[in-house]
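Enquirer: Handing you this structure, nothing more for now.
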Amino acid sequence: MKKLILPLIAICVVSCSGVIGRYLYLKEQHQAAVSVSYSSSTMPEIYHEIVKNSDPFTLYGRNNEIVAILEQRLKNEPGNLRLQFITGIQNIFNGTTQRGLDLLLPLEKNQEFLTNKKLLVKNDNGWSVVDSLENFLALAYLRLGEQTNCIDNHNGQSCVFPISGAGIHQHKDPVREAITRYLALIQKNPDDHLSVWLLNVACQAYGSVPPEVPSSLIIPQSRLNNEWDCPRFNDIAVDLGIDNPGWAGSVIADDFDNDGYLDIMSSGTHLNTQIRYYHNNGNGTFTDYTERAHLTGVWEGLDIFPVDYNNDGWLDFFLPRGGWKYKAGFLPPSLMRNNGDGTFTDVTIEAGLMNFHPSQTAEFADADLDGDMDLFLGHEMGTQSNFYRNNGDGTFTDISEESGISFKGYVKGANWGDYNNDGLPDLYVSQFKKRCILFRNDGLDEHGMIHFTDVTKEAGVPGQKSNFPCWWFDYNNDGWQDIYVSAYQPGYTINSCREFMGLPMDSNLFPKLYRNNGDGTFTDVAKKMHLGYETFTMGCNFGDLDNDGWLDFYLGIGAPDYKAIFPNRMFHNHGGQFFEDCTISGGFGQLQKGHGIAFCDLDYDGDQDVYADFGGFYWGDIFGNALYENPGFGNNWVNIRFEGVKNNRYGVDNIVKLTFTENGTQRTTYSKIGHGASFGANPLRLQAGVGKATVIDEVDVYWPATKTHQVFRNVPVDRVYWCREGATELNEMPVHPFQFKTMERRMAEGDTTNMSHMHHMNM
């Protein structure tokens, strides 16, 4: 019998201020250490057994289980007003919102509840249980309106900020009541800026500002700026059946069956959230291949990562587990081997990767340049992070101590880059509540051991006091990789809406954009690049929206707090000079919590579409994912998949230099092959725009393991190529562009079959 000793925390409800991590313990019992044991010997049976035997009160997001227990207790103790309050709140968090209202509304007039001294005690944020009742009721009505309109009757404009057009609620009663209640809260406390923000969201959803709402509380149109006028990207995920309604999670967009077309692998954070594999049929439709791929029962993964760990040419994937689950997150990861026959097998144990420390961060690179992919697995809760060396035989060895990547922290992001252009992958690690770390790759010592050195201080890249997702990219095309790392404020904050409300912003909550100076140091240019915003980033990725050869990025905004209803943000790169917000014009301002993102040319029309995961951590914080179809910008492009021979099979960490002439001026772009940012996965290939160039003068591919350059000249644009290491020519891949079969297009063709899923989310 194998055992894990874990502390048990009984969790009931977030405290009245909404701060994650402050919980009311139902039975007011002390914390107890309990033994969580398992007898299974294979994955995922081990994971299933641990989850089955765990206490639902150890995790704030298991509201569906918690509610059932509380309802039974309330049935046995009908006069327990505190229990009635807690059960009402948990029903709201569970998404059974009307039941929550039915329990909470009577308490508004119950003097025994309103005058209870214990319930009037203020917490550190100045709120008591009684104070919070009004906040929860207002939030409940806002959420009820969202569930009735944006989920039950979903369309591409649902919950898109600023809400307008088809996004305006048809069933207006819930949001009308929310407006009334938020007005009352603001009248009591004019400095309640979050309520002012939510009042604005409610008025937008209502479709107009009721006469009793003072104009001074409404965000003026002048603050809803488009710095770049981007044509609208329509969300077509529901039409294609790939919205995967659920909670926080991530995505891989890549080709899992080697038919040439990009598929979608979608994950989710809840303990029993099924991984979904959507196969791209190459004709504008997708098919759910989850069951036939033997992925049924593969659960949980706040993030998900692509890798060909055994260099067999079939893309595998890795699921770290336990992210944001605190002491309930001590769960094993999964390495899923692609068997090459359309199925996957969990090989975590045989690969030597069983590890029970909570994580959402895993990054692969050929760090020792021996031709296979090594793994950094970043952990939370002050536990030891790990660096695993790939042995080249399907197994890994933990060399954390020997390599110098040995530290304990709260890792929320990591990414491999090459800051000094020596061909050796360096590692940037982002930490929650702590400074970031840049590990320089020193190569192999005389004993053949790889070694890393912490060069954060001398490089000048510590990030903020608390950080989240990060990535490397060459935003200014100077040939030196730069670093973006988002700031993240622990606990409750309204930092993702202060900008819109004209409130002062805290520079400690701004992201860092570190420009590589080319001499081993970096300069923070975030403010200079027009990125002086408080963006509460959970997930993110980058790509080239308009194929102009300059990398743009999308931020998934949010927080676990049920009140955190902020728009996701898209930023366009203005020729490497600065970034400009195109959130509103492009239709990217989804108010649901954003997480993993992929920029991917799914339809092979040359421009990159954007797949984004939406949803939160509470059981009721559910939403569908989006596929934003790129409307096209008329620029040219090239798409290249790589095949390593002596290097790793997918050419990860290759540097591709494109030289082309546009409007009489020669330009150069630089791309590092990889999945992009630390939260979401682009295809492991080159997807590059070349503006108006009609031919690429030179494609220069650098293969790090062999330190060789592969050069192709006068390459035609608007093609999908296959590049084998050492080959003298690029080969065109036998794929073709197609048009997504949206509801409108199918109806225009006279096809009305299987359209029931196109109007409503399957909850």
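The values are calculated or read from the model by the stated rules, or taken from the named source; none is laboratory data. Computed from a prediction, not measured in an experiment: that's the story for all the values here. Quick reminder, even Gly has a Cβ in these numbers, built from the backbone with ideal geometry, and neighbours come from all protein chains shown. Calculation scope for accessible area: heavy atoms of the full protein, side chains included, ligands and nucleic acids excluded. Shrake-Rupley method; radii C 1.70, N 1.55, O 1.52, S 1.80 Å.
Enquirer: For K528, are the conditions met, namely being of a type in the set (D, E, K, R), in contact with a Gly (Cβ under 7 Å, 6 or more places away or on another chain) and touching a residue at least 40 places away in the same chain (Cβ under 8 Å)?
Expert: no
Enquirer: Using the structure shown, decide if R667 is at pLDDT 95 or above and either open to solvent by 30 Å² or more (accessible area, probe 1.4 Å) or hydroxyl-bearing (S, T, Y) (or both).
Expert: yes
Enquirer: So, of the residues in the range 361-387 that are assigned to a loop (DSSP other than H, G, I, E, B) and in contact (Cβ under 8 Å) with a residue 60 or more places away in the chain, which turns out to be surrounded by the most Cβ atoms within 10 Å (Cβ to Cβ)?
Expert: The selected residue is A367.
Enquirer: Listed residues V67, V36, V51; which is at pLDDT 95 or above, over 25 Å from N189 (Cβ atoms) and outside any loop (DSSP other than H, G, I, E, B)?
Expert: V67
Enquirer: Can I ask one more? Which of the residues that make up the range 138-171 are under 27 Å from K188 (Cα atoms), touching a Pro at 6+ places or on another chain (Cβ under 9 Å) and assigned to a helix (DSSP H, G or I)?
Expert: A140, Y141, L142, R143, L144, G145, E146
Enquirer: Scan the range 456-506 for residues that are open to solvent by 10 Å² or more (accessible area, probe 1.4 Å), of a type in the set (D, E, K, R) and not in a loop (DSSP other than H, G, I, E, B) and jot them down.
Expert: K457, E458, R498, E499
Enquirer: In addition: Give the residues of the range 398-455 that are of a type in the set (S, T, Y), in a loop (DSSP other than H, G, I, E, B) and under 24 Å from A681 (Cα atoms), sorted by residue number.
Expert: Answer for the range 398-455, where residues must be of a type in the set (S, T, Y), in a loop (DSSP other than H, G, I, E, B) and under 24 Å from A681 (Cα atoms): Y410, Y419.
Enquirer: Checking D102 against (1) surrounded by 15 or more Cβ atoms within 10 Å (Cβ to Cβ); (2) assigned to a helix (DSSP H, G or I): exactly one of these is not met. Which one?
Expert: It is condition (1) that D102 fails.
Enquirer: I would also like to ask the following. Restrict the check to the range 430-453 and report whether at least one residue is surrounded by fewer than 21 Cβ atoms within 10 Å (Cβ to Cβ), modelled with pLDDT under 95, over 17 Å from A677 (Cα atoms) and hydroxyl-bearing (S, T, Y).
Expert: no
Enquirer: Residue under question is F679, and the condition is that it be open to solvent by less than 30 Å² (accessible area, probe 1.4 Å), under 30 Å from D368 (Cβ atoms) and more than 29 Å from the chain's Cα centre (by Cα); does it hold?
Expert: So F679 fails the test.
Enquirer: Any idea which residue in the range 596-630 is most open to solvent (accessible area, probe 1.4 Å), counting only those that are touching a helix residue (DSSP H, G or I) at 6+ places or on another chain (Cβ under 9 Å) and outside any strand (DSSP E or B)?
Expert: In this case the residue turns out to be W619.
Enquirer: Could you list all residues from the range 309-360 that are closer than 19 Å to H270 by Cα, of a type outside the set (D, E, K, R) and outside any loop (DSSP other than H, G, I, E, B)?
Expert: F317, F318, L319, G322, Y326, A328, S334, L335, M336, S359 - these are the residues of the range 309-360 that are closer than 19 Å to H270 by Cα, of a type outside the set (D, E, K, R) and outside any loop (DSSP other than H, G, I, E, B).
Enquirer: Residue check: is D152 among the acidic types (D, E), within 29 Å of P567 (Cβ to Cβ) and surrounded by fewer than 17 Cβ atoms within 10 Å (Cβ to Cβ)?
Expert: Spelling it out, D152 is indeed among the acidic types (D, E), within 29 Å of P567 (Cβ to Cβ) and surrounded by fewer than 17 Cβ atoms within 10 Å (Cβ to Cβ).
Enquirer: Now for a different question. Where residues in the range 631-652 are of a type in the set (A, V, I, L, M) and buried (at least 24 other Cβ atoms within 10 Å of the Cβ), which of them is farthest from V701 (Cα to Cα)?
Expert: Once the filter is applied, the top-ranked residue is V638.
Enquirer: A follow-up question, please. Just the residues that are open to solvent by 80 Å² or more (accessible area, probe 1.4 Å) and either outside any helix (DSSP H, G or I) or acidic (D, E) (or both), please, taken from the range 742-757.
Expert: E744, E749, T752, N754
The rows are residues; the columns are (1) among the hydroxyl-bearing types (S, T, Y); (2) farther than 30 Å from R62 by Cα; (3) assigned to a loop (DSSP other than H, G, I, E, B).
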| position | (1), (2), (3) |
| --- | --- |
| A205 | no, no, no |
| G260 | no, yes, yes |
| Y278 | yes, no, no |
| G282 | no, yes, yes |
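Enquirer: Would you check which residues across the range 97-135 are polar (S, T, N, Q) and farther than 19 Å from D561 by Cβ and list them?
Expert: Q98, N110, Q111, T115, N116
Enquirer: Right, next: Being farther than 18 Å from G624 by Cα, open to solvent by less than 10 Å² (accessible area, probe 1.4 Å) and in contact (Cβ under 8 Å) with a residue 40 or more places away in the chain narrows it down to one of S164, S132, so name that one.
Expert: Checking each option against the conditions leaves just S132.
Enquirer: Restricting attention to the range 518-575, which residues are in a loop (DSSP other than H, G, I, E, B), hydrophobic (A, V, I, L, M, F, W, C) and open to solvent by less than 20 Å² (accessible area, probe 1.4 Å)?
Expert: Listed by number, the residues that qualify are V525, A526, M529, L531, F536, L545, A559, A564, I565, F566.
Enquirer: Can you pull out the residues in the range 276-289 that are in contact with a strand residue (DSSP E or B) (Cβ under 7 Å, 6 or more places away or on another chain) and either open to solvent by less than 20 Å² (accessible area, probe 1.4 Å) or hydrophobic (A, V, I, L, M, F, W, C) (or both)?
Expert: Those that are in contact with a strand residue (DSSP E or B) (Cβ under 7 Å, 6 or more places away or on another chain) and either open to solvent by less than 20 Å² (accessible area, probe 1.4 Å) or hydrophobic (A, V, I, L, M, F, W, C) (or both): Y277, Y278, H279, N280, F286.
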